[in-house]
Amino acid sequence: MSLATTEVGPTRIAVPPEVIRVLLRLAAVLIVGVALSLMSGAFFTVVNIVNVLRQAALLFFLASGLTLVVITAGLDLSVGSTIGLAACVAGTAIKSSGDPWLGVAAALAVGGAVGLLNGMMVSLLQIPSFIATYGMLWVLQGVSYTFMAGSTVYGFPKGFRELGNGYLLGIPIPLLLTAALLTVGTVFAQRTIWGQQITMIGANPASARLSGVPVKRRLILVYALSGLAAGFASLVFLARLNSAEADIGASLTLPAIAAVLIGGTSLFGGVGTLAGTFVGTLLLTLVLNGMNLLHVDGNWQPLVTGVIIIAAVWIDVRDSRARN
């Protein structure tokens, strides 16, 4: 009697595409980091590395909420202006009352209210997100300039400034907040039914609607979260700068969008992770930091950011065609 033998081939582990995208971008971060360390002796120092991580964390606070919007195939151009108004209102509240918690509540209220308005314009009035949030950008700028009347508020309590400049157990507080936000946001986006519905809306809104997903309510939720993230980011920026003026967030929208796209979130919707966005913020911050260390004229930084956005969108278009 003979026994039949079966040869078992090597087991193949399927790696999710999202993980591959994040790993490729992490490799890019390492390559850029090695290149900068070879070109500038000032790069690979504790002070500079901590500064890069702190700057990346500040940008991630703003880009995290924007990521969810882009996953739904939308765009929020008002995040920078939301930071400006929220910071001005929060700073004024803190200076007038001496209570940092009142400033925290004010910033989150402003951010949440702006996000709700954006969400209602997009979902209920069916205004394209680009137009709705672009119009909101100008509205917020006008309100900020009117509210501040050309003045600047500064000199906040030391305890509040720790939010942007302090350390806990030797780790910068913004990095600890980033880790917490990244963890909570990833669980929300990938492990909850709401997060899965948001991805479904971005991939195919008609199918999501037929599957029973409350598309309008989820869009309102997404834009509200984006506004809340901008409100929270305004507090960290306010604590780090120790001052607020009407144009404090004017230059932050473009880098936030760049970080989201560099991180692999698709403008066409349905694809994206917060982990990728964090890696995107780190990569963009490294590039800008390297330009500063190499004494590249600061006027070139917007140009480089724009080129990076164009390259990221081009890659996104190619990936989208491949997926289809």
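The values are calculated or read from the model by the stated rules, or taken from the named source; none is laboratory data. Note that this is a predicted model, so its numbers are computed, not measured. For the accessible areas, the whole protein counts, side chains as well, though only heavy atoms, and no ligand, DNA or RNA atoms are used. Shrake-Rupley method; radii C 1.70, N 1.55, O 1.52, S 1.80 Å.
Working only with C-alpha atoms, what are the Rg and Dmax values of segment 79-179, expressed in angstrom?
16.0, 49
Just the number, please: carbon plus sulfur as a percent of the accessible area of the chain, 1.4 Å probe, no ligands or DNA/RNA counted.
Working: 11160 of 16240 Å².
Carbon and sulfur together cover 69 percent of it.
Would you calculate, for the chain, the mean residue ellipticity at 222 nm contributed by helices, counting each DSSP H stretch of 4 or more residues as -39,500 (n - 2.57) and dividing by all residues, to the nearest 500?
Numbers: 13 runs with 237 residues, N = 324.
One gets -25000 deg cm²/dmol as the mean residue ellipticity at 222 nm.
Principal axis extents for segment 38-98, Cα atoms only, whole Å, descending order, please.
The Cα atoms of segment 38-98 stretch 44, 41, 13 Å along the principal axes, largest first.
If you wrap a convex hull around the alpha carbons of the chain, what volume per residue comes out, as a whole number of Å³? Before the final figure, lay out each step's value.
Numbers: hull volume 62.4 nm³, N = 324.
That works out to 193 Å³ per residue.
Once the mean 1/r over all distinct Cα pairs of segment 100-256 is inverted, what Kirkwood radius in angstroms do you read off? Don't jump to the answer; show the numbers that get you there.
Numbers: mean 1/r = 0.0575 Å⁻¹.
Here the Kirkwood hydrodynamic radius works out to 17.4 Å.
Counting only heavy atoms of the protein chains, get the accessible area per residue of segment 100-141 (1.4 Å probe) and round it to a whole Å² value.
Here the per-residue accessible area is 51 Å².
What's the Kirkwood radius of segment 197-324 in Å, using all Cα pairs? Could the numbers behind the result be given before it?
Numbers: mean 1/r = 0.0598 Å⁻¹.
Evaluated on segment 197-324, it is 16.7 Å.
Take the alpha carbon atoms of segment 266-324, find their radius of gyration, then divide it by 2.2 N^0.38 Å using N residues; give the quotient.
Values: Rg = 13.8 Å, N = 59, 2.2 N^0.38 = 10.4 Å.
Its radius of gyration relative to the 2.2 N^0.38 Å reference: 1.34.
Taking the Cα centroid of segment 242-307 and of segment 30-100, what is the distance between the two, rounded to the nearest whole Å?
What the calculation gives is 9 Å, centre to centre.
With the Cα gyration tensor of segment 148-189 in hand, convert its eigenvalues to equivalent ellipsoid semi-axes via √(5λ) and list them largest first in whole Å. Please list the in-between numbers first.
Details: eigenvalues 155, 59, 7 Å².
Rounded to whole Å, the semi-axes are 28, 17, 6.
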